[in-house]
Amino acid sequence: MTCCSSSSVPNQQALKQRLDHERLLAASHDMGDGLLQTDLLVPAMHCATCIRTIETGLGQIKGVDNARANLSTRRVSVRWRPDAGGDADFISALSGLGFEASLYDHANIATEADDTGRKLLVCLAVAGFAAANIMLLSVSVWAGADAETQRLFQLISGLIAVPASVFAGQPFYRSAWAALSNRRLNMDVPISLAVLLALGVSVYEALYGHHETWFEASVSLLFFLLIGRYLDHMMRERARSAILQLSRLMPAGASRLDAAGQASYTPLAELQPGDTILVAAGERVPVDARVASGLSDIDRSLVNGESAAVQAAPGLDVEAGVLNLTGPLTLEVLRPAEQSFVANVISLMEAASQANSRHVRIADRTAALYAPVVHIVSAASFIGWMVWTGGDWYTSLNVAIAVLIITCPCALALAVPIAQVVAANRLFRSGVMVKDGAALEQLAEADTVVFDKTGTLTLGEPRIAAVLGGTDQEHAIASVLGRLSTHPAARAAAAAHPGTPGVLVSDVEELAGLGLEAVWKGRKVRLGRRSWVAEIARSDSKAAPESSASSEVCFAIAGGGIVSFQLSDTLRADAATVVRDLRAKGMTLEILSGDAAGPVDAVAAQLGIEKAFSSLKPADKTDRVEGLRAQGRRVLYVGDGLNDAPALAAANVSMAPASGSDIGRASAGLVFTGKGLSAIPVAIEVARATSRTVRQNFGLALGYNAIAVPLAVLGYATPLIAALAMSSSSILVVANSLRLNLVARHKAISPAGASLAEHPASEDAEPSVGKSDKAPSKPRLEAVK
Amino acid sequence: MSHLVILIPIALGLGALGLAAFIWSLRNGQYDDLDGAAQRILEDD
């Protein structure tokens, strides 16, 4: 990856080191006492050996107080003293150990989500403690304890239940209050009402009454519901952190040159139009800018879907997010970061996703139907009993509460989250990360799949499609040259000839933005841009061949003819199978691409997709997706680039490959890892099975209500019946949802799981781990797993 | 009856102790990295 221009090395390196250090300080936060904490993201860490290697490796750096690796979040926290004078270059220290790492900037990521999980867990623990103890006491009451003991037990139950349900019920009370103050009803309203009413009546009952109390019902209700709530939260949190692990965050700053030509690290927000910034080869351009000096090739594929690299020369405008490939560039900032291309894409995306929030989740749809029914039935039985008993409000209230508790959507509240959590786990193992349950619901209903081309249907790497002219010998030389470069087009040319028998080239030089030049048998040879190669070629061969839509890389020996390698982007290996599979599932397929018509049509023809649109801007893609939705279609959008982000947000549901842009991943509902597309049909299958299971769960829960509600309305419900109905229906719903683990089991997905947990520190990295670790026959822990 | 007066507080006290221990360990960050804890046990320091 690193730049190979090794002239003026010491100066450049010192500069880079200083900039890296400034970047490190900007991302660290002060722990007080002269101690700084820096968090690093190490996506590839995955086993006990990794933890040990990282912690001891970083611990040996001078000034480091301690390093603690967190395997669940794949993060390492390093506490260090900047004044100890150590070389605090943790990222290169980690890469020396064989781990790729990036700085984890707290400013960019809300850590609030972690806290909600923790709060839910505390509530769950309190509810569980209270439910278990009260249940123990209640069992002896039900078993027929004498009146005095019964009263004592009821009082103790009350002492536990009141504080426990006030504390553990907070998530529900808050959400119910929020819904009520917006004049809506959600599932939490009847829950809160039932818990609080039952609590109030039971307290009265325990103190003055002689009826049974509902303490165990209200607390175990909270316990079951909190389980569902926590699982739902865990699913989202796991997907969120998994997606975060993949991200190489957008550059949070740039090296700015001041008037004296001194470079310094500047945060993104402080860059002003007119500033001069440096972007090294292999880095992304942080803001919209114009090339001031330097010559290079840039890769715009993530930005606009163009598959071919473009030459960058002074005067060219480049968008934020473009990858600089071959040479260092000096750029003049055109717009501040908040007005950059990326920022525009984000605002388009926000607009699109607002339109998308119309989707009402199935749980809320059910709640909207169910909650009023619960309240009406309960109120009706209160009024009915008042009339029938001639104003005995006490008995009537008791019956009304029994109805509320029995109908309380315990199994109903578990029906959706349990099924979705099991499905998300099932997909997680196959390398598909589900961001939330809504994505699964929408995926089950999708009937149209819209693909982006570059990086989605294709790998985003060019391959040779055709070779025009040239002898075997020339192909072999071109192949040798191609192997010496990192430019994608040149790498593709390397495949021009299978072997390279006895080809020797010397004086190889890579010229940024032009290509490679070398000497073969005393003659100059060039591989690269047509116009540049033509300078040394025979003059009569200068006429370009028929203009082909795909890109090309040319080769010539001084005085010889031009050989042209026509390049095109290659399809993913399983694209054809997946397209067939999706058709069999009844999907309509379409391609929307930012690339030119030629390559897009070629891909469409190869896959047999009739509708393919090319040269689209981000807004065009969104328009098309919204057009489809206006026709009543439910759109699944599969895309990876920055230019796809608005369309990903506009579609009903979207999937992005893990290799795509950060923003693409952030706006997609599902993210899949691995080289293949086979995750798409599997995800659809699991989503459809999930929606079937959810409906079955509703059926089970409602079936219980159909039996229990009449009992409650007639006044026969006892706390024992309520407890039995509640637990058994919940268990049934959970058991039914676990069946989802079996869906699509027979289908092997491309090595997706493996790519999440692949070992980066292959054998060659091991010796650097530390001298003490060199026992050659040390058993590898992975083998045990 | 009289034995209940002793037994119930003991039962509740033990339960509350467990709850307090759980909440303490949660706040102490012991549940932050369950995957890591599962792996660390394999390393002998």
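Quick notes on this one:
- Residues in the range A:702-717 that are assigned to a loop (DSSP other than H, G, I, E, B) and crowded, with 21+ Cβ neighbours inside 10 Å: A:Ala717 alone.
- In this structure, B:Leu42 qualifies as open to solvent by 90 Å² or more (accessible area, probe 1.4 Å), facing another protein chain (nearest Cβ under 7 Å) and over 28 Å from A:Leu152 (Cα atoms).
- Wholly within the range A:245-345, strands (runs of 3 or more DSSP E) carrying at least 3 residues that are modelled with pLDDT of 80 or more and in contact with a Lys or Arg (Cβ under 9 Å, 6 or more places away or on another chain): A:276-279, A:329-333
- The residue of the range A:77-90 that is farthest from the other protein chains (Cβ to nearest Cβ), among those that are part of a loop (DSSP other than H, G, I, E, B) and open to solvent by 30 Å² or more (accessible area, probe 1.4 Å), is A:Gly85.
- If you go through the range A:38-71 and pick out every residue that is at the interface with chain B (Cβ under 10 Å from one of its Cβ atoms), under 19 Å from A:Arg238 (Cα atoms) and open to solvent by 10 Å² or more (accessible area, probe 1.4 Å), you end up with 2.
- Candidate set: the range A:680-697, residues that are touching a residue at least 40 places away in the same chain (Cβ under 8 Å) and open to solvent by 20 Å² or more (accessible area, probe 1.4 Å); chosen: the one nearest to A:Ser381 (Cα to Cα): A:Gln696
- Tally, over the range B:23-39, of residues that are at the interface with chain A (Cβ under 8 Å from one of its Cβ atoms), part of a loop (DSSP other than H, G, I, E, B) and open to solvent by less than 60 Å² (accessible area, probe 1.4 Å): 1
- Residue in the range A:637-649 that is modelled with pLDDT of 90 or more and more than 23 Å from A:Val285 (Cα to Cα) present: yes
- Close pairs (8 angstrom Cβ cut-off, 6 or more residues apart or separate chains): without any contact (Cβ under 8 Å) to a residue 40 or more places away in the chain in the range A:153-182, of a type in the set (Val, Ile, Thr) anywhere: A:Phe153/A:Val141; A:Ile156/B:Ile8; A:Ala176/A:Val189; A:Ala176/A:Ile191; A:Ala179/A:Val189; A:Leu180/A:Val189
- Taken as a whole, the structure leaves B:Ala16 outside the set of residues that are in a helix (DSSP H, G or I), open to solvent by 50 Å² or more (accessible area, probe 1.4 Å) and facing chain A (nearest Cβ under 10 Å).
- Qualifying residue in the range A:136-144 (condition: touching a Phe, Trp or Tyr at 6+ places or on another chain (Cβ under 6 Å), more than 28 Å from A:Trp393 (Cβ to Cβ) and either exposed (fewer than 14 other Cβ atoms within 10 Å of the Cβ) or of a type outside the set (S, T, N, Q) (or both)): yes
- A:Val189 being among the hydrophobic types (A, V, I, L, M, F, W, C) and open to solvent by less than 20 Å² (accessible area, probe 1.4 Å): yes
- Residues satisfying the stated conditions in the range A:601-624, i.e. over 18 Å from A:Val578 (Cα atoms) and either part of a helix (DSSP H, G or I) or touching a Leu at 6+ places or on another chain (Cβ under 6 Å) (or both): A:Asp601, A:Phe613, A:Leu616, A:Pro618, A:Ala619, A:Asp620, A:Lys621, A:Thr622, A:Asp623, A:Arg624
- Unique residue being within 14 Å of chain B (Cβ to nearest Cβ) and at pLDDT below 80 when the list is A:Arg74, A:Arg23: A:Arg74
- Residues being in a helix (DSSP H, G or I) and more than 10 Å from every other protein chain (Cβ to nearest Cβ) - total across the range A:138-161: 12
- Residue within the range A:407-429 that is of a type outside the set (Lys, Arg) and within 30 Å of A:Ala612 (Cβ to Cβ) present: yes
- Residue, nearest to B:Trp24 (Cα to Cα), within the range A:114-135, restricted to residues that are open to solvent by 40 Å² or more (accessible area, probe 1.4 Å) and of a type in the set (A, V, I, L, M): A:Ala132
The values are calculated or read from the model by the stated rules, or taken from the named source; none is laboratory data. What you see is a predicted model, and the numbers here were worked out from it, not measured in a lab. When we count neighbours, we look across all protein chains shown, and the Cβ atoms used for this are built from the backbone with ideal geometry, even at glycine. Accessible surface is based on the protein model in full, side chains and every heavy atom, while ligands, DNA and RNA are left aside. Shrake-Rupley method; radii C 1.70, N 1.55, O 1.52, S 1.80 Å.
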